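Trainee: My structure is below; once you've seen it, I'll send some questions.
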Amino acid sequence: MFRTAAIVSLVLLVPASAYATDDKAANCAATAGIVSRAVGERNGGNTQEGATDFLTSDEGGIEEKYDAAVPMLVEWVYTLPEDQLTDEAATAFEKACLAHN
């Protein structure tokens, strides 16, 4: 089971500006996408710092409005046990995000 409290905490920390202009579902999908990409970076052997640097670079492909969320999402991914480094991490994050009021 994924660390639900940690997921909810991260959802609360996603910058308000990310929620200001787009609908909730789109923002939850985008941040879940960051989680998925961070899992891929970790599984690929990248360091936490390297993953953050890559995902916030032009090559990372993350929308600039989500740049502030990247470090905390990457940090969360790097705290997960290896057996949780699957697509389910992003799915669990998105479900928690959508459930957040």
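Bear in mind that the values in this text are calculations on the coordinates, not laboratory data. Predicted model, so just to flag it, every value in this text is computed and none were measured.
Trainee: For segment 26-101, what is the Kirkwood estimate of the hydrodynamic radius, computed as the reciprocal of the mean inverse distance between distinct Cα atoms, to one decimal in Å?
Mentor: Result for segment 26-101, one decimal place: 12.2 Å.
Trainee: Additional query: Return the ratio Rg/(2.2 N^0.38 Å) for segment 60-99, where Rg is computed over Cα atoms only.
Mentor: 1.25
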